[in-house]
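Asker: Supplied in structure tokens, the structure appears directly below.
The values are calculated or read from the model by the stated rules, or taken from the named source; none is laboratory data. Keep in mind that what you see is a predicted model, and the values were worked out from it rather than measured. Note: ideal-geometry Cβ built from the backbone for every residue, glycine included; neighbour counts use all protein chains shown. With ligands, DNA and RNA removed, areas are computed over all heavy atoms of the protein, side chains included. Shrake-Rupley method; radii C 1.70, N 1.55, O 1.52, S 1.80 Å.
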Amino acid sequence: MNTSRSARLFSEAQQLIPGGVNSPVRAFRSVGGQPRFIARAKGSRLYDVDGNTYVDYVLSWGPMILGHAPAPVISAIRKAAGNGTSYGAPTELEVALARMIREAFPSMEKVRLVSSGTEAVMSAIRVARGFTKRDSILKFEGCYHGHSDYLLAKAGSGLATLGIPDSPGVPADFAKHTLTAPYNDIDAVKQLIAEHHHQLACIILEPIAGNMGVVPPAPDFLSALRRLTAEHDILLIFDEVISGFRVNYGGAQALYGIKPDLTVLGKIIGGGLPVGAYGGRKEIMDLIAPSGPVYQAGTLSGNPLAVTAGIATLKQLSAKGVYKKLEEKSAALAKGIGDAAKKAGIPLTQTRVGSMLTSFFTSGPVRDWNTVRQSDTKRYGQFFHKMLEQGIYLAPSQFEAAFLSTTHTSADIEKTIRAAHAAFKTL
């Protein structure tokens, strides 16, 4: 496989951009080698600058649930662009997307649109603190909620990939308000609440962890969190940036029947364009300016192109049978990869919720960050490159999720399973 042009571009990029990339995990640091520079994408395929084609299971880290460049979304974006790209004023489109979100997520009685998941999480925590008049928050090890200063303690995603436990540049005074607990450990949460409940404004988590690889919630974990937070007047925030509209039209909260106080969304609601949203109970959201004293603003919030793409995407996802088909495809892929590993005698633990899945190179169960990091990352890196050479594009990190789209075909899945058989034979 010729990758000479990607190599030249990466060399130039390293002189201009820190690490040669604009987001850390793209640099292939944990798997070795050099990243592919992508020229275009369509459906389930990526095409790099050297003319190589890949079946894509990264899907821009989740949002491309309809595949790349879906005709209804692209057509809507083109029409919207002709009307202008940003107004800095309200639009009917913002109202339409907010209504669609509330219909899918009834817990989000009011919604505020922003420009990224990081911004949405930061804003949700600010209003939680304003509502409760408390300063501390509790998060879970391995859950990534964006790169805000106080959320980088024991975070997942790129920090897990690069082995960075915390980030320089974060003042200790910021981090001291962040408590952490192991994911799926309700006893640890009970102890922290007993010690700190008078200072705790909120508990934030990914209801399905997706930034240390896919780690589903243990039975009763979410319901126990809901009960504990309600008992102590602590707000429960679900970060559904990944799981929202991905595992179910109503997200993880619909899948598990849990109603949080606040919810954070992103990725899919922008149809591939930058967007975020947060929302929740009316009495909480009405504290946000201009209704209340908690300030949050953004020039590009509710950008007409992103909102248009989001509306077009959600219209497609609301069609009957979409999630059933995604479930069937994802189950077939997971089974095929699992069978290939078993045949080759490779220890593999698979986790999956709907169309998000991870194959961990470990024989033990996976339930939290401590068990996740037992995975053989060196072997994953070898597997990643064997698959890449056969035209299968997986996340360049053991600690990320794979995603399927509505455009992945049975032929794509069969090709991927064949590639896995070949890759496992050589590990």
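Asker: Using a 7 Å offset from Cα along Cα-Cβ at residue 282, what residues in the range 94-126 end up with backbone N under 14 Å from the label point?
Answerer: Those under the cut-off are 107-111.
Asker: Go ahead and estimate [θ] at 222 nm for the chain from helices alone: -39,500 (n - 2.57) per DSSP H run with n ≥ 4, summed, over the residue count, rounded to 500.
Answerer: -11500 deg cm²/dmol
Asker: Explain nothing, just compute: Karplus ³J(HN,Hα) = 6.51 cos²θ - 1.76 cosθ + 1.60, θ = phi - 60°, for every residue of the range 346-353 in order, whole Hz, x for Gly and Pro.
Answerer: 9, x, 8, 10, 9, 10, 7, 9
Asker: If you take every residue apart from residue 94 with its C-beta less than 13 Å away from the C-beta of residue 94, what net charge results, scoring Lys and Arg +1 and Asp and Glu -1?
Answerer: Net of charged neighbours comes to +3.
Asker: Using a probe of 1.4 angstrom, how much of the accessible area of the chain is carbon and sulfur, in percent?
Answerer: After summing per-atom areas, the C and S share lands at 52 percent.
Asker: Also, I was wondering about something else. Output the antiparallel fraction of DSSP beta bridges having both residues in the chain, as a percent to the nearest 5.
Answerer: Expressed as a percentage, antiparallel bridges in the chain total about 60.
Asker: Can I ask one more? Treating the angle as unsigned and between 0 and 90°, give the value, to the nearest 10°, between the Cα long axis of helix 117-132 and the longest Cα principal axis of the chain.
Answerer: Long axis of 117-132 versus the principal axis of the chain: about 20 degrees.
Asker: Helix 410-426 versus the longest principal axis of the chain: what angle, 0 to 90°, nearest 10, using Cα atoms?
Answerer: 70 degrees
Asker: Which FRET efficiency, nearest 0.05, do residue 324 and residue 233 yield, Cβ-Cβ r, R0 45 Å?
Answerer: E(calc), rounded to 0.05, equals 0.70.
Asker: Take peptides 335-346, 395-406, 372-383 and line them up by average Cβ neighbours within 10 Å, highest first, as a rough protection proxy.
Answerer: Answer by packing, highest mean first, reads 395-406, 372-383, 335-346.
Asker: Relative to 2.2 N^0.38 Å, what does the C-alpha radius of gyration of the range 222-319 come to as a ratio? Two decimals please.
Answerer: Dividing the Cα Rg of the range 222-319 by 2.2 N^0.38 Å gives 1.18.
Asker: Cα-Cα over 26 Å: which of 42/386; 133/176; 342/386?
Answerer: none
Asker: Rounded to the nearest 0.05, what FRET efficiency is calculated for residue 23 and residue 194 with R0 set to 41 Å and r the Cβ-Cβ distance?
Answerer: 0.60
Asker: Continuing with this model, one more query. Quantify how much of the Cα-Cα distance distribution of the range 268-427 extends past 23 Å, in percent.
Answerer: 53 percent
Asker: Can you pull the percent of Cα pairs in the chain with separation above 33 Å?
Answerer: 32 percent
Asker: Give the angle, between 0 and 90 degrees and rounded to the nearest 10, that separates the Cα long axis of helix 92-104 from the longest principal axis of the Cα atoms of the chain.
Answerer: 90 degrees
Asker: How are the alpha carbon pair distances in the range 40-146 distributed across 5 Å bins from zero to the largest one, expressed in percent?
Answerer: Calculated P(r), rounded to whole percents: 2, 8, 11, 15, 18, 17, 12, 9, 5, 2, 0, 0.
Asker: Among residues other than residue 35 whose Cβ falls under 15 Å from its Cβ, what is the net charge (Lys/Arg +1, Asp/Glu -1)?
Answerer: -1
Asker: Related question: Could you state the accessible area per residue of the chain in Å², with a 1.4 Å probe and every protein chain left in place?
Answerer: 42 Å²
Asker: Report, in listed order, any pair from 282/324; 335/415; 110/267 with a Cα-Cα distance greater than 21 Å.
Answerer: Among 282/324; 335/415; 110/267, the Cα-Cα distance tops 21 Å for 282/324.
Asker: Same structure again: Note down the nm distance, to one decimal, between modelled labels 7 Å out along Cα→Cβ at residue 83 and at residue 295.
Answerer: Here the modelled spin labels are 3.2 nm apart.
Asker: Near residue 67, within a Cβ-to-Cβ distance under 11 Å, what is the net charge of the other residues, with Lys and Arg +1 and Asp and Glu -1?
Answerer: So the environment of residue 67 carries a net charge of 0.
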